[in-house]
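Here the structure comes first, spelled out in structure tokens, and everything after it is commentary.
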Amino acid sequence: MTYCLGMLLEQGLVLMADTRTNAGVDNFSTFRKLHKLAEGPDRQIYAASAGNLSLSQSAIGLLEESEIENEQGHRIGEAPTMFRAAQLVGEAVAKVGATIGEALAREHIDNSLELLVGGYVGNEPLKLYLVYTIGNFIECTPEVSFLQIGETKYGRPILDRALTHTTSLPEAVKIGFLSFDSTMESNLGVAHPIDVLVLPADRTKQPVNRRIEEDDDYFREITRGWGKMLNEAVAKLPEPPWLASADL
């Protein structure tokens, strides 16, 4: 299991991905799941992956080979739009699904694969897409300014309550960390390190990449502070009036 989060805001794009993979309760490993697909004067394109590790590595490998072999029409480095970039990622996902994925299914092994694909091409605004197992995809919109893949349920409530399209990048990083903290508290299959990308909408500013280790001081400060504030808030809420006569 894994957890990846993408937040598309007025000020920029934030991608986060944990690095834990497991093949059983006693076999945990660390692999990078946040990948740079293309970088150049006119583009920054990234992807975060969740699902079967062999499928995700194969799909990313296909995209990298297309770049190396200069396959015309199939290079993300030459995609004219982010929509076309998402199509190329979807084609790679569909291709590995039709070969390796079908073989895994015959052995009753999980063959799911999803990717968050985000960035920009040329002068178009930042975009964020969710590519599904069969290669189809959807686009993130301002009405719901985030997309999730992997173990999504535990980290969603804070996003629904606190994140909007106008949330600042620093605030979004805080909210994202709290979303990951909630997920890690409830599922041991999601864990540090957490890879973070912050891509500003202002093209004069450089992307920020950071790996958050388990002993990261800032992550500990805000997650412990959040837990303390939650307990204090619960204590201040009124007690159920219908229990007052129950002598509890």
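Residue count for the range 64-80, restricted to those that are surrounded by fewer than 23 Cβ atoms within 10 Å (Cβ to Cβ) and part of a helix (DSSP H, G or I): 7. Across the range 117-148, the qualifying residues are those that are in a strand (DSSP E or B) and among the aliphatic types (A, V, I, L, M), and the one among them that is nearest to Leu13 (Cα to Cα) is Leu128. How many residues are over 16 Å from Ile222 (Cβ atoms), part of a helix (DSSP H, G or I) and β-branched (Val, Ile, Thr) when one looks only at the range 156-181? Within the range 156-181, residues that are over 16 Å from Ile222 (Cβ atoms), part of a helix (DSSP H, G or I) and β-branched (Val, Ile, Thr) number 0. Any residue in the range 41-53 that is without any contact (Cβ under 8 Å) to a residue 40 or more places away in the chain and either surrounded by 23 or more Cβ atoms within 10 Å (Cβ to Cβ) or part of a helix (DSSP H, G or I) (or both)? So far as the range 41-53 goes, yes, one or more of its residues are without any contact (Cβ under 8 Å) to a residue 40 or more places away in the chain and either surrounded by 23 or more Cβ atoms within 10 Å (Cβ to Cβ) or part of a helix (DSSP H, G or I) (or both). On inspection, Ser168 fails the criterion of being touching a Phe, Trp or Tyr at 6+ places or on another chain (Cβ under 9 Å) and of a type in the set (Ser, Thr, Tyr).
Only one entry in Ala50, Ala92 is of a type in the set (Gly, Ala, Ser), in contact with an Asp or Glu (Cβ under 6 Å, 6 or more places away or on another chain) and modelled with pLDDT of 95 or more, namely Ala50.
Checked against (1) within 19 Å of Ala38 (Cβ to Cβ); (2) assigned to a loop (DSSP other than H, G, I, E, B); (3) not hydrophobic (A, V, I, L, M, F, W, C), Lys153 passes all but condition (1).
Do we have Ala191 as at pLDDT below 95 and either under 14 Å from the mean Cα position of the chain (by Cα) or polar (S, T, N, Q) (or both) here? Yes, satisfied.
Rundown of residues vs (1) open to solvent by less than 20 Å² (accessible area, probe 1.4 Å); (2) among the β-branched types (Val, Ile, Thr); (3) within 21 Å of Ser179 (Cα to Cα), yes/no style:
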| position | (1), (2), (3) |
| --- | --- |
| Met82 | yes, no, no |
| Leu88 | yes, no, no |
| Lys95 | no, no, no |
| Arg106 | no, no, no |
| Ile109 | no, yes, no |
| Val117 | yes, yes, yes |
| Ile138 | no, yes, no |
| Pro142 | no, no, yes |
| Gln148 | no, no, yes |
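Against the test of being in a loop (DSSP other than H, G, I, E, B), surrounded by 15 or more Cβ atoms within 10 Å (Cβ to Cβ), within 15 Å of the chain's Cα centre (by Cα) and not charged (D, E, K, R), the options Met7, Met16, Met1 yield a single qualifying residue, Met1.
For the range 213-233, the candidate set comprises residues that are open to solvent by 100 Å² or more (accessible area, probe 1.4 Å) and part of a helix (DSSP H, G or I); within that set, the residue that is nearest to His35 (Cα to Cα) is Asp217. Please work out if Glu239 is without any contact (Cβ under 8 Å) to a residue 24 or more places away in the chain, loosely packed, with under 10 Cβ neighbours inside 10 Å and among the acidic types (Asp, Glu). So Glu239 fits the description; yes. The set of residues in the range 167-212 that are open to solvent by 80 Å² or more (accessible area, probe 1.4 Å), in contact with a Pro (Cβ under 9 Å, 6 or more places away or on another chain) and farther than 19 Å from Tyr120 by Cβ contains only Arg211.
The values are calculated or read from the model by the stated rules, or taken from the named source; none is laboratory data. Computed from a predicted structure; not experimentally measured. Counting neighbours? That spans all protein chains shown, and the Cβs are built from the backbone with ideal geometry, glycine included. For the accessible areas, the whole protein counts, side chains as well, though only heavy atoms, and no ligand, DNA or RNA atoms are used. Shrake-Rupley method; radii C 1.70, N 1.55, O 1.52, S 1.80 Å.
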